[in-house]
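We did not get these values from a lab; they are worked out from the coordinates using the rules stated. Bear in mind the structure is a predicted one, so any value in this text is a computation, not a measurement. Counting neighbours? That spans all protein chains shown, and the Cβs are built from the backbone with ideal geometry, glycine included.
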Amino acid sequence: MKKVTLAAAATSLFLAIAIPTFAADIDTPDPNVTTVAFISSSQSSPNTVRGKSYALTSNTKMTSLNVQGTFYQSSTQKETGTATTTSRNTEAAWFTKDGVYSSNGSYTLNTASRTYFSGGKYAQDYASDSW
């Protein structure tokens with residue numbers, strides 16, 4: 001009985017030490033990132049809406065920041081796009097087409113960002129907005 005308990009304890013201790021270290025190598029949080037999905041009335045086309053997906057970070061260890069936006073009308077995907085920046089405190093921004101989507105419709109914009117760090121580590125963040 002003691003052998004089973006000792007083996008279980010050793011396994012638990014190994015997992016408690018190994019898993020967080022392994023996870024940290026794959027996905028490092030970026031506490032400085034801001035990821036935004038935003039749908040609003042178009043400034044240039046009356047009665048239409050436009051979406052903006054953007055992200056920025058002040059993290060001094062970033063090498064690049066990617067953002068991807070996916071725009072849906074009801075549940076049908078209408079657009080997707082990406083943008084990248086390699087400068088801190090600079091938006092990576094993607095916009096939907098202007099003057100296309102009626103303000104009477106139902107829309108969702110999903111946004112994902114990924115901050116890359118030297119050594120291949122990265123962090124992911126998400127945002128969503130609806131109209």
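At a glance:
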read-out	value
Matching strands (runs of 3 or more DSSP E) fully within region 56-116 where at least 3 residues are more than 19 Å from Trp131 (Cβ to Cβ) and touching a Ser or Thr at 6+ places or on another chain (Cβ under 6 Å)	62-73
Top-ranked residue of region 64-94 - restricted to ones that are small (Gly, Ala, Ser) and under 15 Å from Thr34 (Cα atoms), ranked as surrounded by the fewest Cβ atoms within 10 Å (Cβ to Cβ)	Ser87
Selected residue (only one of Thr111, Thr96, Thr115, Thr80 is of a type outside the set (Lys, Arg), free of Cβ contacts under 8 Å to residues at least 60 places away in the same chain and over 18 Å from Gln43 (Cβ atoms))	Thr80
Answer residue from region 104-122, given it is over 16 Å from Val33 (Cα atoms) and crowded, with 16+ Cβ neighbours inside 10 Å and is nearest to the chain's Cα centre (by Cα) among those	Asn110
Region 34-63: number of residues that are exposed (fewer than 15 other Cβ atoms within 10 Å of the Cβ) and touching a Lys or Arg at 6+ places or on another chain (Cβ under 6 Å)	1
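One line per residue, one yes/no per condition, for (1) out of contact with any Pro (no Cβ under 7 Å at 6 or more places or on another chain); (2) more than 14 Å from Ala92 (Cα to Cα); (3) among the β-branched types (Val, Ile, Thr):
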| residue | (1), (2), (3) |
| --- | --- |
| Asp30 | yes, yes, no |
| Ser44 | yes, yes, no |
| Asn47 | yes, yes, no |
| Ser53 | yes, no, no |
| Met62 | yes, no, no |
| Val67 | yes, no, yes |
| Tyr72 | yes, yes, no |
| Lys78 | yes, yes, no |
